[in-house]
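Structure, as structure tokens:
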Amino acid sequence: MVSAVWNDATIAASDKTVIVEGNHYFPPETVDHSRLEESEHSSVCPIKGRARYYHVLVGGERNPNAAWTYPNPTTKAEAIRDHVAFWKGVEVA
């Protein structure tokens, strides 16, 4: 089981993550979406497509742009459609 934890709160947990470029992508149903707030930030990866970012919220604290997803990935990255990955201090183990 792989978990994403920030500020002692589990944001996601799954035994079915998809690993791409060293990042665990969690299936959407395994993520606590109440702890995510949509961000205006986005980025483009030539392999995966345009990423949408989210702030992670725990205990009144906000970790800006600490989660991302690919809602419309490229054909090569279809396996991670709507899956969520984490960084910026979110511990994934």
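Return the residues of region 21-57 that are farther than 17 Å from Ala93 by Cβ, in contact with a helix residue (DSSP H, G or I) (Cβ under 7 Å, 6 or more places away or on another chain) and in a strand (DSSP E or B); say none if nothing qualifies.
The answer is Gly49, Leu57.
Let me confirm something: among Val44, Val56, Val84, Val31, which residue is at negative phi and more than 11 Å from the chain's Cα centre (by Cα)?
Only one candidate passes the filter, namely Val44.
Among (1) without any contact (Cβ under 8 Å) to a residue 40 or more places away in the chain; (2) aliphatic (A, V, I, L, M); (3) out of contact with any Cys (no Cβ under 8 Å at 6 or more places or on another chain), which single condition is Val18 missing?
Unmet condition: (1).
Is it the case that some residue within region 44-67 is modelled with pLDDT of 95 or more and closer than 20 Å to Met1 by Cα?
There is at least one residue in region 44-67 that is modelled with pLDDT of 95 or more and closer than 20 Å to Met1 by Cα.
If you take the residues in region 64-83 that are within 11 Å of Val18 (Cβ to Cβ) and hydrophobic (A, V, I, L, M, F, W, C), which one is surrounded by the most Cβ atoms within 10 Å (Cβ to Cβ)?
Once the filter is applied, the top-ranked residue is Ile80.
Go through (1) surrounded by fewer than 20 Cβ atoms within 10 Å (Cβ to Cβ); (2) aliphatic (A, V, I, L, M); (3) under 13 Å from Trp6 (Cα atoms); (4) out of contact with any His (no Cβ under 6 Å at 6 or more places or on another chain) one by one and return the number of the condition Val92 breaks.
Every condition holds for Val92 apart from (4).
For region 33-42, which residues satisfy the criterion of being over 21 Å from Thr17 (Cα atoms), in contact (Cβ under 8 Å) with a residue 24 or more places away in the chain and of a type outside the set (Asp, Glu)?
Ser39, His41
Any residue at all in region 54-63 that's more than 14 Å from Thr17 (Cβ to Cβ), without any contact (Cβ under 8 Å) to a residue 24 or more places away in the chain and aromatic (Phe, Trp, Tyr)? So that I can check it myself, show each step before the final result.
Applying the first criterion (more than 14 Å from Thr17 (Cβ to Cβ)) to region 54-63 yields 54-63.
Among the residues that remain, those that are also without any contact (Cβ under 8 Å) to a residue 24 or more places away in the chain are: 55, 57, 60.
Filter once more, keeping what is aromatic (Phe, Trp, Tyr): none.
No, region 54-63 has no match at all.
The values are calculated or read from the model by the stated rules, or taken from the named source; none is laboratory data. Computed from a predicted model, the values in this text were never measured in an experiment. Using ideal geometry, Cβ is built from the backbone for each residue, glycine included, and neighbour counts are taken over all protein chains shown.
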